[in-house]
1. Using a probe radius of 1.4 Å on heavy atoms only, what accessible surface per residue do you get for the stretch 25-141? Whole Å² is fine.
2. Tally Lys and Arg at +1 and Asp and Glu at -1 over the other residues with C-beta under 13 Å from the C-beta of Glu88: what net charge comes out?
3. In debye, nearest 20: dipole of the stretch 60-194 around its Cα centre with unit charges on the Cβ of K, R (+) and D, E (-)?
4. If DNA, RNA and ligands are ignored and the probe is 1.4 Å, what is the ranking of Trp78, Trp155, Trp123 by accessible area, most exposed first?
5. Report Asp147's accessible area, 1.4 Å probe, all protein chains in place, as a number in Å² to the nearest 10.
6. With the cut-off at 1.5 for a/c, could you classify the stretch 95-151 from its C-alpha gyration tensor as rounded, prolate or oblate?
7. Sorted by accessible area with a 1.4 angstrom probe, largest first, how do Arg84, Arg186 fall?
8. Treating cross-link reach as a plain straight distance, find the aspartates and glutamates whose alpha-carbon is under 20 Å from the alpha-carbon of Lys125, omitting any fewer than eight places away in the same chain.
Amino acid sequence: MDWKLILRIAVIIALMFLLASSFAGCKKNNDLTIDWETCSQYIGDHPCDFKLIDQNGKEFNLYDHHGKIIIVDFSAMWCLPCGRAAMEVEELQKKYNNEIVYITILIENSIYEPPSVADLQKWSKAFGIESAPVLAASRDMISTDPDIGWPLFAWPQFYIIGKDLVLLESFKGFSPGRMEEVILNRLSQDTGSP
């Protein structure tokens, strides 16, 4: 048997599978059907789904939280304002638990490397985060092109996603009490209707 031919066929099949899946759009089927052809990180669009590992070593899927306002906080462990923002996470998650999901995505640990589960646990413990997910990512998740990744222009950078999984707004930097103002504003405006 010609192994080079078999390898070429396997590569072609894999490429065809990847191409076909790229046309599939953003779909999720469980109790809820999410079906749109495109996704991006542009304000007004549906963000692309992601699966990341949380501080408990469990998989977290963005689209599983359809129906709640989602706060996405991109932070780094070496960033002082990120730590100040983290001090509010647990209180906000508990106060608005049935209406929001506050997600912290750590891009770098204290030595500028992608965080491990141990880093996530250290962050969670340091800031008393028990009921909100702290997720591990890397710089591969960010990009200046919203079609490719999440644009970050400061640490921390926040994105607010509505109940219908549409990106509503983004802002950078931390200011005490600002996130609760954003939550209250969004809860009064966002009915969750697509």
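The values are calculated or read from the model by the stated rules, or taken from the named source; none is laboratory data. Please read all numbers here as calculations on a predicted model, not as lab measurements. A quick note on method: Cβ atoms are made from the backbone with ideal geometry, for glycine too, and the neighbour counts reach across all protein chains shown. Please note that ligands, DNA and RNA were not included when accessible areas were found on the heavy atoms of the full protein model with its side chains. Shrake-Rupley method; radii C 1.70, N 1.55, O 1.52, S 1.80 Å.
1. Counting only protein heavy atoms, the per-residue value for the stretch 25-141 is 50 Å².
2. Net local charge, Glu88 excluded: -1.
3. The dipole magnitude comes to about 260 debye.
4. Trp78, Trp155, Trp123
5. Solvent-accessible area, nearest 10 Å²: 90 Å².
6. The shape class here is oblate.
7. Order by accessible area, largest first: Arg84, Arg186.
8. Cross-link targets: Asp54, Glu59, Asp73, Glu88, Glu90, Glu91, Glu108, Glu113.
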